[in-house]
Amino acid sequence: MEKAIYAPLYLETYECGELEERIKKLEAILNECKLCPRECVVNRNKDEKGYCKSDKNLMVSSVQPHYGEEDVLVGSHGSGTVFLTNCNLRCIYCQNYDISHLGYGQRVTEEELALGMLSLQKRGCHNINFVTPTHYIPQIVKALKIAIEKGLHIPLVYNCGGYESKSTIELLDDIVDIYMPDIKYGDVENAKRYSNAPDYFDRCKEAVKEMHRQVGDLKVDDRGIAWRGLLIRHLVLPNGLAGSAEVLKFIATEISNESYVNIMLQYRPMYKAYEYEELNRGIKMSEYREAIDIAREWDLHRGFERV
């Protein structure tokens with residue numbers, strides 16, 4: 001497997017010694033954990049657990065090539081996904097609730113995670129895609145250093161739910177190559193009702209702006225494979241519950257008209273969604289078309305097709 005034409009950001013950060021400094025700062029945060037907007041201030045280095053139900057130990061559900069991600073990540077050999085256990089959100093319709101809510105997974109060391117990353121690279125994956133990484137950032141960056149020293153050289157994808165602290169994202173500058181946040185809601189009430197995060201949209205907007213400042217709009221190589229930039233996901237919910245109009249307006253007016261936005265139609269009632277009448281059905285094609293039309297009205301054009 002030959003090295004990519006575009007070198008990942010983390011290589012230079014490692015070479016200048018800055019990666020080691022970031023590891024120290026991130027590990028210190030775990031003493032009074034404020035990695036995410038929950039700010040539980042528990043001492044995870046002493047195995048205390050906060051909202052995300054995670055202590056100092058990495059919990060991983062799976063490490064494997066994945067072909068169900070966006071085409072710009074999957075290419076011909078797949079996206080090298082690392083599904084991390086637990087989550088800092090409590091979405092009642094969670095599509096991966098067995099991992100994110102029920103905690104299915106196994107404890108791994110940073111050394112084992114590094115070897116898993118290298119295995120994905122050896123299998124030809126185009127990137128290392130950390131799924132739900134927010135609550136494990138210090139451990140991931142520590143594992144990254146080990147992997148770099150053993151030859152890792154493909155882009156890192158930060159695949160998150162969007163409920164991020166800007167201050168934490170700042171510590172990932174020149175480490176993460178591709179940010180892939182969800183923007184789940186455009187209003188306070190539904191974020192509170194369905195994910196117990198009333199400040200979700202405000203915190204998400206701050207974080208996504210910082211992500212874009214770091215890496216810019218999504219860039220792809222001559223094979224159509226992403227190597228750097230911002231890729232936004234927005235899942236359309238039934239009955240307009242995601243607030244798509246506000247989300248898409250924010251992306252177009254405060255991020256960029258060149259933003260790559262995957263407007264997703266695959267919602268289906270999962271986990272506890274059946275307990276809420278307004279969520280207990282899939283979306284209608286007319287609801288999806290409405291979201292696409294709003295995006296186009298704001299001159300967004302990347303990441304989705306007219307239907």
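Bear in mind these aren't lab numbers, they're just calculated from the coordinates by the rules spelled out. Please read all numbers here as calculations on a predicted model, not as lab measurements. All Cβ positions, glycine included, derive from the backbone under ideal geometry; neighbour counts span all protein chains shown.
Numbers below:
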{"item": "Equivalent-ellipsoid semi-axes of the range 9-297, from the Cα gyration tensor, Å, largest first", "result": "29, 22, 18"}
{"item": "Candidates per GluC sites (Glu not before Pro) in the range 108-194, loop by DSSP, up to 16 other Cβ within 10 Å", "result": "none"}
{"item": "FRET efficiency for Glu21 and Glu258, using Cβ-Cβ distance with R0 set to 25 Å, rounded to 0.05", "result": "0.15"}
{"item": "Cβ-Cβ FRET estimate between Lys219 and Asp47, R0 fixed at 30 Å, reported to 0.05", "result": "0.15"}
{"item": "Likely footprinting exposure, Met270, Met59, Met211, fewest C-beta neighbours within 10 Å first", "result": "Met270, Met59, Met211"}
{"item": "Neighbour cut-off at most 14 other Cβ (10 Å), DSSP loop, trypsin sites (Lys or Arg not before Pro), the range 151-231", "result": "Arg223"}
{"item": "Label-point gap, in nm, between Ala28 and Asp71 - each point 7 angstrom along Cα→Cβ", "result": "4.6 nm"}
{"item": "For Arg233, residues with placed amide H under 5 Å, excluding near neighbours", "result": "Asp182, Ile183, Asn262"}
{"item": "Per-residue HN-Hα couplings for the range 25-42 [Karplus 6.51, -1.76, 1.60; θ = phi - 60°; Hz; x = Gly/Pro]", "result": "5, 5, 5, 5, 4, 5, 5, 9, 4, 10, 4, 10, x, 5, 6, 5, 6, 7"}
{"item": "Sites matching GluC sites (Glu not before Pro) across the range 271-307 that sit in DSSP coil, with at most 10 neighbouring C-beta atoms within 10 Å", "result": "Glu305"}
{"item": "Length released on extending from Lys122 to Ser167, taking residue separation times 0.36 nm less the Cα-Cα span", "result": "12.9 nm"}
{"item": "Modelled FRET efficiency - R0 25 Å, Gln266 with Asn196, Cβ distances, 0.05 increments", "result": "0.65"}
{"item": "Hydrodynamic radius (Kirkwood) for the range 119-177, which is based on Cα pairs only, to one decimal in Å", "result": "12.2 Å"}
{"item": "The range 1-148: radius of gyration over Cα atoms, expressed as a fraction of 2.2 N^0.38 Å", "result": "1.07"}
{"item": "Paramagnetic label zone (point 7 Å from Cα along Cα-to-C-beta, Glu297; backbone N under 12 Å) in the range 205-244", "result": "244"}
